[in-house]
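> Mind looking over this structure? Questions follow.
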């Protein structure tokens, strides 16, 4: 038993000691932080967009546009009467960043609904939406006024619409919005895919290193090949759990401290692009169960791929089918989130090779019958046991083989060998 | 250290185990009718041998003879298709007895990214040595081999020679009773080869048994107490060096020339005089036809103008016996 301990310890210590472990441990939270901090800093930089409203109207429409934009908060608008050369001079000012852009309005705004905006921020979806929305409301109001509608009726009609979304789970309305469900499902799918792939490849490299350096001969004269494989998978698995723990703690800190962080970086709090997903204990348990199942399933296969190869290039080829199978569930992520109860989603969440990613995503994206979960978990356990049995047999023979990679027929013989 | 009288008795006596197999007591390794087949060919064919305690035992054979397969079977790295392996006269295979066995594989290698000390401690842990003991012994061995300053360095920062030393330490760190070395001299420079030879002798001094494979006969001849020659997976001969040399009766001559060899080449071909010859130009080893007088050959050589520096009646060399036994078809490596 102490020998398994030694194998586990070696895999764990050597990996945690390596530079790559800490680079990936830090890189992901930093990336994550950038995803939600950068837009905030971006929006916050310089406060409101300074734009000039070039007023070519014969009514007070230009003044009203300027006022409405200024009231929105996104823009600091200044009205400029239209005269020859003003557009050119404002365009130059935009180029030198004295202002962010210019909006050209004339009487055709009310008639055809057309206006022109030139600026450096045209690619900002938020800015353009705000601009369109403000102008749209004004155009409708003006047209209605011209048609003789009472201004008080107008004021009430202008109330903006806010759609609140809440996910229904087990016939109960939860505190989870659709954005949260989406980001939770997406996040879980991505993390599962990345981690299973990354640490599966780790197991493969470890097997391959022992094989190519022939240390494996000394090792299997001391411990059973299965013990060695088991210790290896547990050791690498422990490293992956530590990695996930670091990410989870970092993620939680980033989300809870983001106001402070944003303030320190000189950014406005601003409206949240990402809503903090609500991770319940049940969700955590589902994630953990499928992560472990998926990791064991795939690392057994990766170990077999490493054992049947004699070089890194060969191993790359041998692992391709495995990566492809894993990829199937990853590329189906959007379909799974979009319709978690479709036949496709149900099949993916039951097959052991795809369920480690598909099932947690289905769980996060929508309500799920508990029977589905139970059947899927049962199949996963059977899949893990079966795959490990086959992989361990390939491993046992493969680690001592040199020369060309075996074909399917030879692999079958390896598995059958007593 | 060794109980000599007991060994003498034990060398002849046989005991019967529960399953009916007869074991030679005090044998460290005993193979009984081992056969191993791989797809398409038989690597080891009904091989039996006994390695007594405290000897240096050579497993000799050309490339592809089945030496490495035999060693792997002894160590439980491979399972034999049939036959029995007994180690230390006890039950339990090589893996069960691993704490008592040290193994140096033919192809060397260590974890490249690990620190020297960590590798040694890990491999000792695999042999069942407790961590603190392993650490202590590793430090001592590194000190002894002059590697102490490198103990915290990564393996891939070491020179090849240093890596070989580290691997050798890992073979001996758990103080094994049986040390198995697969082609230990391959790839060693003369200085390291000398050091290895000294260590092997020292191991025997300590009471350990050394089993090593080689295809270099000169080394085996100088080092081995007992040996076994195999080819194509079959045993050709085994026993002590003198046991093996005895059946090769007849007179053997070692002849060295000092410059001119006269018409030695022609004389060596005389079938009335010479039965077999192994001619290197400046040196020749030959077996005389029974009844032939070596003095006749000496006279003929001197008359032909050959300058001799050595003309000696000798035992046949192991190399010659090996070549005679194995023949040209014995090696798979053409």
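Just so it is clear, none of the values below were taken in a lab; they were calculated from the coordinates. Computed from a predicted model, the values in this text were never measured in an experiment. With ideal geometry, Cβ positions are generated from the backbone for all residues, glycine too; neighbour counts draw on all protein chains shown.
> How high is the relative contact order of chain B? Use alpha-carbon pairs under 8 Å, at least six apart in sequence, and give a whole percent.
19
> Please sort A:313-326, B:65-78, B:41-54, B:116-129 by packing, taking for each peptide the average over its residues of neighbouring beta carbons within 10 angstrom, highest first.
Numbers: A:313-326: 16.1, B:65-78: 24.9, B:41-54: 19.8, B:116-129: 23.1.
In descending order of packing, they fall as B:65-78, B:116-129, B:41-54, A:313-326.
> Connecting C-alpha atoms closer than 10 Å in a GNM of chain A, tell me which of A:327, A:228, A:144 has the biggest fluctuation.
Result: A:144 has the largest fluctuation of those listed.
> So how tilted is helix A:281-307 from the main axis of chain A? Cα-based, degrees 0 to 90, rounded to 10.
The answer is roughly 50 degrees.
> Evaluate region A:49-157: find the radius of gyration of its Cα atoms, find its Kirkwood radius, and give the ratio Rg to Rh.
0.98
> Let me ask something else. If you take each beta carbon of peptide B:118-131 and count the beta carbons of other chains within 10 angstrom, what is the mean?
Working: counts 4, 2, 0, 2, 8, 6, 1, 8, 13, 5, 4, 0, 1, 4.
Whole-number average of other-chain Cβ neighbours for B:118-131 is 4.
> I've got another one for you. Which value at 222 nm does chain A reach when only helices count, each DSSP H run of 4 or more adding -39,500 (n - 2.57), with the total divided by all residues and rounded to the nearest 500 deg cm²/dmol?
-23000 deg cm²/dmol
> With springs connecting C-alpha atoms under 10 Å apart, model chain A as a Gaussian network and identify which of A:363, A:247, A:389 has the largest mean-square fluctuation.
A:389
> Right, here's the next one. Express the C-alpha Rg of chain A as a ratio against the empirical globular expectation 2.2 N^0.38 Å, rounded to two decimals.
Details: Rg = 29.8 Å, N = 418, 2.2 N^0.38 = 21.8 Å.
Scaled against compact globular proteins, the figure is 1.37.
> Report the equivalent ellipsoid semi-axes for region B:28-124 in whole Å, largest first, defined as the square roots of five times the eigenvalues of the gyration tensor built from alpha carbon atoms.
They are 26, 18, 13 Å, listed largest first.
> Among B:109, B:259, B:146, determine the one that fluctuates most according to a GNM of chain B built with springs between C-alpha atoms less than 10 Å apart.
The residue with the greatest mean-square fluctuation here is B:259.
> Please determine, in degrees from 0 to 90 and to the nearest 10, the orientation of helix B:116-126 with respect to the longest principal axis defined by the Cα atoms of chain B, where the helix direction is its Cα long axis.
90
> To the nearest 10 degrees, how steep is helix B:294-303 against the longest Cα principal axis of chain B, on a 0 to 90 scale?
In chain B, helix B:294-303 runs at an angle near 70 degrees to the longest axis.
> What does the convex hull of the alpha-carbon atoms of the protein assembly as shown project to on average, in nm²?
For the protein assembly as shown, the mean projected area of the Cα convex hull comes to 52.1 nm².
> Over its Cα atoms, what ratio of radius of gyration to 2.2 N^0.38 Å does chain B give?
Working: Rg = 23.2 Å, N = 334, 2.2 N^0.38 = 20.0 Å.
Expressed relative to 2.2 N^0.38 Å, the Cα Rg reads 1.16.
> While we're on this one: Separation between the residue B:263 and residue A:58 pseudo-spin-labels, each 7 Å from Cα along Cα→Cβ, expressed in nm?
It works out to 13.6 nm between the two label points.
> Based only on Cα atoms, what mean projected area does the convex hull of region A:345-418 have, in nm²?
Mean projected area of the Cα convex hull: 6.3 nm².
> Nearest 0.05, what FRET efficiency do residue A:400 and residue A:17 give at R0 = 30 Å with Cβ-Cβ as r?
According to the calculation, E is roughly 0.55.
> Something else about it: Between residue B:136 and residue A:205, what is the label-to-label distance in nm when each label sits 7 Å out along the Cα-to-Cβ direction?
3.7
> Measuring from label point to label point, each 7 Å out along Cα→Cβ, what is the residue B:234 to residue B:272 span in nm?
3.8
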